[in-house]
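Every number in this text was worked out from the coordinates using simple rules, so none of it is lab data. All of these numbers come straight from a predicted model, not from anything done at the bench. Positions of Cβ are generated from backbone atoms using ideal geometry, with glycine treated the same way; all protein chains shown enter the neighbour counts.
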Amino acid sequence: MKKQLSPAYQLFFEALYPYRRKRASVKPYRALLGIGGNIGDVRRRFRHLFVHLSREPFVEVIETAPILKNPPFGYLDQPDFYNTLIFVKTCLKPKALLRYILRVEKRFGRKRSFQDAPRTLDIDMIFYERVRLNTPRLCLPHHGWNDRDSVLIPLALMKDPYMKEKV
């Protein structure tokens, strides 16, 4: 199903996007992951990512948002992006979670050529609990999250109370 926002944006509602877990999680930490991509069949890759994360012992998918198709920013000479959010509970601390998501990106074919380059899959840690961190490798909350429609539009459609306090 597709919902029209404006000429530049489209929302897609699919079987796993949005999704809300029915069982409680025993993992101690909450994190919001932003995912995006614009190379190949990105929506299919998002479905595969959901399945991959669902089978991992380190994270439990709690909720996902609908998928947003939106124009690129930064480097503009590239196809539109698909973006969504995945709210997870995890047993990993922030730096360990970052290492984990970088491995997942690589597994899904991510190549880093230049800033804002086209990509198969990008996973950003938007929030981790209420942690504030600013290191060369990890900034929490993610820098500029509150200025990006690719985060704000899906976030506004999430249902979890933890997510609602972020909007």
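Things worth noting here:
- Candidates Y29, Y17: the one that is of a type in the set (S, T, Y), in contact (Cβ under 8 Å) with a residue 60 or more places away in the chain and crowded, with 18+ Cβ neighbours inside 10 Å is Y17.
- From the list D77, D116, the lone residue that is out of contact with any strand residue (DSSP E or B) (no Cβ under 7 Å at 6 or more places or on another chain), surrounded by fewer than 20 Cβ atoms within 10 Å (Cβ to Cβ) and at positive phi is D116.
- The one condition from (1) without any contact (Cβ under 8 Å) to a residue 40 or more places away in the chain; (2) surrounded by 16 or more Cβ atoms within 10 Å (Cβ to Cβ) that R55 does not meet is (2).
- Residues of the stretch 130-142 that are surrounded by 14 or more Cβ atoms within 10 Å (Cβ to Cβ) and assigned to a loop (DSSP other than H, G, I, E, B): V131, L138, P141, H142.
- Among residues that are in contact with a helix residue (DSSP H, G or I) (Cβ under 7 Å, 6 or more places away or on another chain) and crowded, with 16+ Cβ neighbours inside 10 Å, I67 is included.
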